[in-house]
Amino acid sequence: MTETIEFDFPPNRDAMCPIEPARYGEMGGHPKRVRFWDGSTPWLITRYQDVHDILADARASSDPTIPGYPDFTAASAAAAEQRRTIVALDDPEHAVLRRMLIADFMPKRIEAMRPTVQAIVDSLIDDMLAGPQPADLVSALALPVPSLVICEVLGVPATERERFQHLAGVTGATEATVTEVVAAHDELIAFLTDLTLEKASSVPTGDLLSRLAHEQLTTGALSANEIAKLAKVLLIAGHDTSAGMIGLGTVALLKNPDQLKIVRDSQDPRVVSSAVEELLRYLTIVHRGRRRVALEDIELGGELIRAGEGMIVVLETANRDEQQFKNANVLDVQRDSHGHMAFGFGIHQCLGQSLARLELEVVNSTLFRRIPTLALAVPYESLPYRHDQFNYGVHCLPVTW
Amino acid sequence: MAEKEVQMRVQLDQEKCVGAGQCVMNAPSVFDQRDSDGIAVLLNNEPASDLDADVRTAAALCPALAIQLSD
């Protein structure tokens, strides 16, 4: 008989070891059942191979409106219909939307943005160095990098970037009230809708919103509002996540000076690239589990998951699975981290992964070279970690140099 | 007698492709992505044997399981 493990789900990371994944009961085991807030007992999937297999399985649906889908809260269960965006649709609906977006995120297109991203990072570091100490690396670098970069991708004009950044910040801010978040969301959608309409009546400018306006709006495939909502999903998906990796990645390297030295002293871009993959694996900031529901009976890791049963698929434990990564709990920037699950797997694997890699490569090859004396201004244990957030990271990161 | 070297054959299912770009990052001389929609294309379905490891990595990392190898 399958055991049911009892703990408050989702578990938080240990405040004393904030970079380590939370404990999901006995790690590395076969799929188990976990008791949820509503009394349901979805499956908890933590092993690398099981996570890999189920995320690539079309019988495991991402659709929150299907009965049995494990919602984290009553509020999110009630909003299931509104949550059916690109990240929560199955094929063929998902493929239609994804295929409208892929070209803007493919590696060769993203690589062409490297000089732009480098200029953004250099300018932000200039500003931080010109300001007082300690500086907050999150507001000085970690948050503005992804938000300015997504402005480039979407084609938000320079004059509107401050407003865009402000709205994006409020929609993701934990200290904002529900009313503020809703208002910022509405204003952001209105802003992106207007921008899309404007681009539809202008000469194509090569950015994503211009392309969607000319290819999808004018043909009637999507409305301006649908394009705005899609753009907002891209913004959200790429904002908190990259910011989390920049902030927490800096913490992890400062905590591991021998590893930091390898990154800082190398002139080889492959060393930085390998370090970025390892930081993605080691930190896995998209934590707490992807949710799926079985459309048919599925055999997984020696268990039978019945049609209609929910699944919590945990990326951070897969990335610390000793069967896949030797000495998985050690940060080793020179290891081969290929195949890590930080961007997920299956049809929903992160669309913006090349962009995230580019941002992280530029930051990690620039920050420590330009500020070799960079140091935490407060003890590692007392940093405000984002324990209660879907995307992990630090709320702020006071640094000196 | 030396064993005859077996040629690896690559098949790509463009219907399954989600454009994650793992194949072009790992085996850029074997895979590309279409400029128009980012869907992967096969440049060479019988790559030279020195590319075997790269192509196997590309196939293993394809999140849509769209690359099949046979030899």
Query raised in the report: From the list A:273, A:242, A:202, which one is in contact (Cβ under 8 Å) with a residue 60 or more places away in the chain, surrounded by fewer than 22 Cβ atoms within 10 Å (Cβ to Cβ) and among the polar types (S, T, N, Q)?
Result: A:273
Requested in this report: Taking residue A:72 as meeting all but one of (1) away from chain B (no Cβ under 14 Å); (2) among the aromatic types (Phe, Trp, Tyr); (3) closer than 30 Å to residue B:15 by Cα, write down the number of the exception.
Outcome: (3)
Report summary line: Counting only residues in segment B:55-67 that are touching a residue at least 40 places away in the same chain (Cβ under 8 Å) and more than 8 Å from the chain's Cα centre (by Cα), the one nearest to the other protein chains (Cβ to nearest Cβ) is identified as B:63
Query raised in the report: Do we find a residue being touching a residue at least 12 places away in the same chain (Cβ under 8 Å), part of a loop (DSSP other than H, G, I, E, B) and touching a Leu at 6+ places or on another chain (Cβ under 9 Å) anywhere in segment A:367-375?
Result: yes
Query raised in the report: Of the residues that sit in segment B:39-54 and are within 14 Å of chain A (Cβ to nearest Cβ) and not small (Gly, Ala, Ser), which one is farthest from residue A:100 (Cα to Cα)?
Result: B:54
Query - Residue ID - nearest to the chain's Cα centre (by Cα), chosen from residues in segment A:294-329 that are among the β-branched types (Val, Ile, Thr) and surrounded by fewer than 24 Cβ atoms within 10 Å (Cβ to Cβ) - result: A:312
Report summary line: Residue hits (segment A:280-298; among the hydrophobic types (A, V, I, L, M, F, W, C) and under 15 Å from residue A:17 (Cβ atoms)) are A:283
**Report entry** Residue list for segment A:349-390, restricted to those being among the charged types (D, E, K, R) and within 14 Å of another protein chain (Cβ to nearest Cβ)
**Finding:** A:357, A:361
Query raised in the report: Within segment B:1-38, restricting attention to residues that are closer than 17 Å to residue B:70 by Cβ and among the acidic types (Asp, Glu), which residue is farthest from the other protein chains (Cβ to nearest Cβ)?
Result: B:5
Query raised in the report: Which of the following residues is among the hydrophobic types (A, V, I, L, M, F, W, C), touching a strand residue (DSSP E or B) at 6+ places or on another chain (Cβ under 7 Å) and not in a helix (DSSP H, G or I): B:10, B:55, B:24?
Result: B:10
Requested in this report: Only residues that are more than 10 Å from every other protein chain (Cβ to nearest Cβ), within 30 Å of residue A:216 (Cα to Cα) and not in a helix (DSSP H, G or I): list them for segment A:95-140, please.
Outcome: A:112, A:113
Query raised in the report: For segment A:192-215, how many residues meet the condition of being within 25 Å of the chain's Cα centre (by Cα) and acidic (Asp, Glu)?
Result: 1
Requested in this report: Only one of these is free of Cβ contacts under 8 Å to residues at least 24 places away in the same chain and not basic (Lys, Arg): A:226, A:160. Name it.
Outcome: A:226
Report summary line: In segment A:362-387, anything of a type in the set (A, V, I, L, M, F, W, C) and either within 16 Å of residue A:120 (Cα to Cα) or more than 22 Å from the chain's Cα centre (by Cα) (or both) is listed as A:362, A:363, A:367, A:368, A:371, A:374, A:375, A:376, A:377, A:378
Report task. Scan segment A:326-351 residue by residue and report those that are hydrophobic (A, V, I, L, M, F, W, C), touching a residue at least 60 places away in the same chain (Cβ under 8 Å) and farther than 20 Å from residue B:58 by Cβ. Result -> A:331, A:333
Query raised in the report: Does segment A:157-164 contain any residue that is under 21 Å from the mean Cα position of the chain (by Cα), in a helix (DSSP H, G or I) and surrounded by 17 or more Cβ atoms within 10 Å (Cβ to Cβ)?
Result: yes
Report summary line: Counted residues in segment A:202-219 being within 10 Å of residue A:155 (Cβ to Cβ), among the polar types (S, T, N, Q) and part of a loop (DSSP other than H, G, I, E, B) come to 1
Query raised in the report: Cβ-Cβ below 8 Å, separation at least six or inter-chain, first residue in segment A:76-101 and within 22 Å of residue A:209 (Cα to Cα), second of a type in the set (Asp, Glu): which pairs?
Result: A:84/A:63; A:88/A:63; A:89/A:63; A:99/B:37; A:100/A:215
Report summary line: Within segment A:75-90, restricting to residues that are part of a loop (DSSP other than H, G, I, E, B) and over 16 Å from residue A:290 (Cβ atoms), the one that is farthest from the other protein chains (Cβ to nearest Cβ) is A:79
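Coordinate-derived values only; no laboratory data. Because the structure is predicted, anything quoted here is derived from the model rather than measured. Here the Cβ is made from the backbone with ideal geometry for all residues, glycine too, and neighbour counts use every protein chain on show.
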